[in-house]
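Here is the structure we will look at.
The values are calculated or read from the model by the stated rules, or taken from the named source; none is laboratory data. The structure displayed is predicted, hence computed values, not measured ones. Keep in mind that these areas ignore ligands, DNA and RNA; they rest on the heavy atoms of the full protein, side chains included. Shrake-Rupley method; radii C 1.70, N 1.55, O 1.52, S 1.80 Å.
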Amino acid sequence: MSKLARREWYGRVEVVSNNGMVVSSRRQASEAGVEIFKRGGNAIDAAVAAGFTIGVIEPYNSQIGGNAWLVSHISGGELSIIWAGAKAPLEATPDMYELQPEGYGPYFRRVKNDANLYGPLAVGVPGLVAGLCLLHEKYGNLSLEDVIQPAIQCAKRGFKVCMYDVVAISNKMSIISKDPEMSKVFLPEG
């Protein structure tokens, strides 16, 4: 990678690179992409590495079951668009949720016990992992095993949480505390 140029621009630092750059919402994900560039990967390899790593660090925003459009402009002018969204399970039916009794108004009826939001009936079949793997298969240079190593290492070593992580966990504390396995992960000390 080339040296980065840094310039002040209306009180902000502008960063410019001639050979590639990885930008994400978290430093660890961006560093994962840069690491892959340094190992000889291309921009798709770096994006996939950052995508898997951000999924480890921000499961509340970028989890494996999330929805994504993977848009890439490939050299030579090709535009690649992959929809990588979650889908309903094959056994899902239109009448699988029990609605609350009347009383929420004529246009809005809630599902009983929020079963469409929490619990086993709320689960979608993940699409992001398949989408990232397809993008890598079509355009990546390095092996997928090499590309996902930064995410694996981040998951094994752990990472510092930020204010947003604390807020996300705090907002779901009542749900997390009801599930012993989730509590072990997100509330190890209670």
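Running Debye on region 142-190 with equal point scatterers at the Cα sites and no solvent, what base-10 log of I(q)/I(0) appears at q = 0.20, 0.33 Å⁻¹? With one equal scatterer per Cα and no solvent, log10 I(q)/I(0) is -0.78, -1.15.
Normalised by the number of residues in the chain, the average gap of Cα pairs under 8 Å and 6 or more apart makes the relative contact order 20 percent.
Rounded to the nearest 10 degrees, the angle from helix 128-139 to the longest Cα principal axis of the chain is 30 degrees. For region 35-88, the extents of the C-alpha atoms along the principal axes are 35, 25, 13 Å, listed from largest to smallest.
Residue order by solvent-accessible surface for LEU142, LEU117, LEU99 is LEU117, LEU99, LEU142, largest first, with ligands and nucleic acids left out and a 1.4 Å probe. Size estimate for region 107-190 follows the Kirkwood approach: the inverse of mean 1/r over distinct Cα pairs works out to 16.4 Å.
Rolling a 1.4 Å probe across all protein chains gives PHE52 an accessible area of roughly 40 Å².
In the context of the full set of protein chains, the chain has a per residue accessible area of 69 Å² (1.4 Å probe).
Mean sequence separation of contacting Cα pairs (under 8 Å, at least six apart), scaled by the length of region 79-190, corresponds to a relative contact order of 23 percent. I need the P(r) histogram for the chain: all alpha carbon pairs, bin width 10 Å from 0 out to the longest distance, whole percents. Reading upward from the zero bin: 8, 26, 30, 21, 11, 3, 0. Rounded to the nearest 10 degrees, the inclination of helix 43-57 to the longest alpha-carbon principal axis of the chain is 40 degrees. Under a Gaussian network description of the chain, with springs only between Cα atoms under 10 Å, the residue in ARG27, ARG157, ARG39 that fluctuates furthest is ARG157.
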